[in-house]
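The values are calculated or read from the model by the stated rules, or taken from the named source; none is laboratory data. All figures in this text were calculated on a predicted structure; none of them were measured in a lab. Glycine also receives a Cβ, built like all others from the backbone with ideal geometry; neighbour counts cover every protein chain displayed. Note: accessible area is taken over every heavy atom of the protein model, side chains too, but ligands, DNA and RNA are not part of it. Shrake-Rupley method; radii C 1.70, N 1.55, O 1.52, S 1.80 Å.
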Amino acid sequence: MDALDRKILTELQLDGRLTVTELAARVKLSVSPCHRRLRDLEREGAIRGYRAVVDPAAVGLNFEALVFATLRWEDADTVSAFEEAVASVPHVLQAQRLFGDPDYLLRVATTDLAAFQQLYDQQLARLPGVQRLNSTLVMKHVVDDRPLPE
């Protein structure tokens, strides 16, 4: 991957709806080579997909929490069961396995505090292998969906 590929990726992260012609103009490349590079980046997996970034508040998800999960055991079966179960909870927007304690960080969005409490009690606390959950509320997004650095 060279500097031109990185520039293409940066431009697409800023505006994923660019046409190939617009993208080519922004990276100062003719359309055909730009299209070829774009296809290569997609085929190689550097570009995983295209999607709309939706404002959670616009769809009624006004409450966000970060939930830290610590597992009882960290054997392969427990980790696998936990990760599979977490992936099936629609209100978990992100789940990341961490080094150290806690074991996981979950980003969760719900309509309000009552909905979060219900999700916490009925689904998150019952995830396989959970020993302990700690959560904190998101007050404000300071940096959100920033493009990857070049």
Review point. Among Tyr50, Leu18, Val89, which residue has its Cα positioned farthest towards the positive end of the charge dipole of the chain, with +1 placed on the Cβ of Lys and Arg, -1 on the Cβ of Asp and Glu, and the dipole taken about the Cα centre?
Key: Leu18
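Ratio of Rg to Rh for the chain, alpha carbon only, Kirkwood?
Expressed as Rg/Rh, it is 1.09.
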Exercise for review: Might you report the magnitude of the Cβ-based charge dipole of the chain about its Cα centre, with Lys and Arg at +1 and Asp and Glu at -1, to the nearest 20 debye?
Suggested key: 500 debye
Review point. Roughly to the nearest percent, how much of the accessible area of the stretch 58-150 is carbon and sulfur, given a 1.4 Å probe?
Key: 52 percent
Check your understanding: Expressed in nm to one decimal, what extension gain is obtained for the pair Leu98 and Ala58 from 0.36 nm per residue of sequence separation less their Cα-Cα distance?
Key -> 11.3 nm
Exercise for review: Just grab the label-to-label distance for Thr78 and Tyr50, each label 7 Å out from Cα along the Cβ direction, in nm (one decimal).
Suggested key: 4.4 nm
Practice item. On a C-alpha basis, how far is the centre of the stretch 78-97 from the centre of the stretch 98-129 in Å? Whole number, if you could? Key: 10 Å
Review point. Top mean-square fluctuation among Val92, Val79, Val31, Gaussian network model of the chain, C-alpha springs under 10 Å?
Key: Val31
**Study point:** the stretch 13-99, Rg to Rh (Cα coordinates; Rh as Kirkwood inverse mean 1/r)
**Key:** 1.15
Study note, to complete from the structure: The answer for Ile47, listing residues at least 5 apart or on another chain whose modeled amide H is closer than 5 Å to its amide H, is Glu42
Point to revise | Evaluated over the stretch 68-111, the Cα radius of gyration and Dmax, each in Å | key: 10.6, 34
Check your understanding: How much area per residue is accessible in the chain when the probe is 1.4 Å and only protein heavy atoms are counted (Å²)?
Key -> 68 Å²
